[in-house]
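> First the structure, which I've put down as structure tokens, then a few questions once you've had a look.
The values are calculated or read from the model by the stated rules, or taken from the named source; none is laboratory data. All values derive from a computational prediction rather than experimental measurement. All Cβ positions, glycine included, derive from the backbone under ideal geometry; neighbour counts span all protein chains shown. Note: areas computed on protein heavy atoms with side chains; ligands, DNA, RNA excluded. Shrake-Rupley method; radii C 1.70, N 1.55, O 1.52, S 1.80 Å.
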Amino acid sequence: MAALIEKPLGLYVAQQNTGILDVSFNPDLGANDSLSILATIEAGTQPQWFAEYNDNIYSVSRTGFPDNSSTSGGIFAFKRSPKPAQGSDSLILFDTETSHGQGGVHCDVNHDGTIIAAANIEGSSMAVYPLKPDGSIGAATYTVQYTLKEPGPGAGTSQTEPYPHEAAFDPTGKFLFVPARGEDRVHVYSVPAANKVRQLDDIVVPPGTGPRHTAFRPNVAGKNYLYVLGELDNTIRVYTIDYSQAVHQKLNFTLHQTISTLGLGLPPTPPNRASLASEVAFTSDGKFAYASNRNTTGAESDTFAVYTIKDTDPANHLTYIHLEKTLGKIPRHFALSPDKNNRYLAVANEYSNDLVVFERDETSGLMKGVKGRLKLGDALFVARNGPACMLWK
């Protein structure tokens, strides 16, 4: 996790058709002038996600690694340049490694920077690697190829393969969570070291959930919260994790709440792909949660839901309060700025091919106004062209 900063300096953007964009942000300027592209950094074919540890930043590409003769994704290791010269890259590439599968879509680094994991969606695989003291990537010490006994109820091809969409470490850094959209499962692993990976019991969700991403909030009112975002049924499922048997490599999960990302009191949707939830995140003060929605049936602006949080009441942990417009189409990702108050919320709209930065009202959790807008190219309304992920500097 990034350290809290006083004022955000900008964003790194995984722009699928060009590379990593180094974008500056000056909130003192008008919304149409506050964001500016400083550099484009090569990061393989269709960069998808970022992870960071200290001054090292890692990205994963979807395909074409090490060259176009391969369909595998790649992992790219960069160091932040301390004082980049005008026009030079602020990220310096120092290592690469295969992601061991087609469709590299997510990567994450554990709490002490010794392990990195990557998920490959089209290849339905996951790999774990050691990180050396300088942050370079060792050869994979664990790979798994997921299989699907029979397709799930999701429309089209959404559940015809396992489709792991994330490989995320919990806050202890000793357990790895891999939501598999096609399997309606979250695979859980004990990872005390890169060469000591053991699969534990899965979290099984209802058919058609399509789990996409997870989020964690540890040591809150004596509880450790896990959130599972359902892409296909447009929900957040709220669990608590019992670590009391962790020394024996066993975790216990209790489901407390299922809440819609689309509006007040709505049930989970049928997995018809009319709407697809994409991301969930929480403010650092623990007061508000956000979840983004992608409507596939029209060209109007998409939305993200705003929730208040009640840590002392797991059954009513999240309370829906509002839908905000993303002012763009297909918000693949959003990110809260890492300053103490999470003053800004940035949205990467994949199909409309733009970035929008909102200023948050810290009291209500709602958006006060737009502080930045940046077109990244033509709005082609196709996948794998626009922005996929952002990382605040």
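> Across the stretch 123-161, what is the number of residues that are among the small types (Gly, Ala, Ser) and open to solvent by 50 Å² or more (accessible area, probe 1.4 Å)?
Looking only at that region, the number is 2.
> Sticking with this structure for a sec: Against the definition (closer than 17 Å to Phe175 by Cβ, touching a residue at least 40 places away in the same chain (Cβ under 8 Å) and crowded, with 16+ Cβ neighbours inside 10 Å), how does Asn120 come out, yes or no?
It is false that Asn120 is closer than 17 Å to Phe175 by Cβ, touching a residue at least 40 places away in the same chain (Cβ under 8 Å) and crowded, with 16+ Cβ neighbours inside 10 Å.
> Then there's this: Which numbered condition in (1) open to solvent by less than 20 Å² (accessible area, probe 1.4 Å); (2) within 14 Å of Phe288 (Cβ to Cβ) is the only one that Thr363 fails?
(1)
> Would you pick out the residues in the stretch 264-309 that are part of a strand (DSSP E or B), over 18 Å from Ala335 (Cβ atoms), open to solvent by 20 Å² or more (accessible area, probe 1.4 Å) and of a type in the set (Ser, Thr, Tyr)?
The answer is Thr308, and nothing else.
> Considering only the stretch 142-175, state which residues are hydroxyl-bearing (Ser, Thr, Tyr) and touching a residue at least 40 places away in the same chain (Cβ under 8 Å).
Tyr142, Thr143, Tyr146, Ser158, Tyr163, Thr172 - these are the residues of the stretch 142-175 that are hydroxyl-bearing (Ser, Thr, Tyr) and touching a residue at least 40 places away in the same chain (Cβ under 8 Å).
> Next question, about the same structure. Return yes or no: is Ala85 modelled with pLDDT of 95 or more and either more than 17 Å from Thr143 (Cα to Cα) or within 20 Å of the chain's Cα centre (by Cα) (or both)?
No: the conditions fail for Ala85.
> For residues in the stretch 40-79 being surrounded by fewer than 16 Cβ atoms within 10 Å (Cβ to Cβ) and either in a strand (DSSP E or B) or charged (D, E, K, R) (or both), which is farthest from the chain's Cα centre (by Cα)?
Per the criteria, the residue is Asp67.
> Another question, if that's okay. Is there a residue in the stretch 225-236 that is surrounded by 15 or more Cβ atoms within 10 Å (Cβ to Cβ), touching a Pro at 6+ places or on another chain (Cβ under 6 Å) and part of a loop (DSSP other than H, G, I, E, B)?
yes
> Sticking with this one: Go over the candidates Val220, Val280, Val228, Val238 one by one and state the one that is in contact (Cβ under 8 Å) with a residue 40 or more places away in the chain, in contact with a helix residue (DSSP H, G or I) (Cβ under 8 Å, 6 or more places away or on another chain) and aliphatic (A, V, I, L, M).
On inspection, the qualifying residue turns out to be Val238.
> Now for a different question. Given (1) free of Cβ contacts under 8 Å to residues at least 60 places away in the same chain; (2) surrounded by fewer than 21 Cβ atoms within 10 Å (Cβ to Cβ), identify the lone condition not met by Thr261.
Failing condition for Thr261: (2).
> I'd like to check something: does the stretch 186-204 contain any residue that is modelled with pLDDT under 95 and either more than 17 Å from the chain's Cα centre (by Cα) or open to solvent by 10 Å² or more (accessible area, probe 1.4 Å) (or both)?
Checking the stretch 186-204: not a single residue is modelled with pLDDT under 95 and either more than 17 Å from the chain's Cα centre (by Cα) or open to solvent by 10 Å² or more (accessible area, probe 1.4 Å) (or both).
> Ok, one more. Tally the residues that are assigned to a strand (DSSP E or B) and either modelled with pLDDT of 95 or more or crowded, with 17+ Cβ neighbours inside 10 Å (or both), restricting the search to the stretch 325-360.
Total meeting the criteria: 20.
> Return yes or no: is Gly173 surrounded by fewer than 17 Cβ atoms within 10 Å (Cβ to Cβ) and on the phi > 0 side of the Ramachandran plot?
So Gly173 fails the test.
> Could you tell me whether the stretch 368-389 includes any residue that is out of contact with any strand residue (DSSP E or B) (no Cβ under 8 Å at 6 or more places or on another chain), surrounded by fewer than 20 Cβ atoms within 10 Å (Cβ to Cβ), assigned to a loop (DSSP other than H, G, I, E, B) and polar (S, T, N, Q)?
no
> Taking the conditions exactly as written (more than 26 Å from Phe334 (Cα to Cα), acidic (Asp, Glu) and without any contact (Cβ under 8 Å) to a residue 40 or more places away in the chain), does Asp95 satisfy them or not?
no
> Mind checking whether some residue in the stretch 26-39 is touching a Phe, Trp or Tyr at 6+ places or on another chain (Cβ under 9 Å), at pLDDT 95 or above, open to solvent by 30 Å² or more (accessible area, probe 1.4 Å) and not basic (Lys, Arg)?
Within the stretch 26-39, one or more residues are touching a Phe, Trp or Tyr at 6+ places or on another chain (Cβ under 9 Å), at pLDDT 95 or above, open to solvent by 30 Å² or more (accessible area, probe 1.4 Å) and not basic (Lys, Arg).
> While we're here: Can you give me the number of residues within the stretch 157-201 that are more than 22 Å from Ser59 (Cα to Cα), part of a loop (DSSP other than H, G, I, E, B) and of a type in the set (Lys, Arg)?
So the count comes out to 0.
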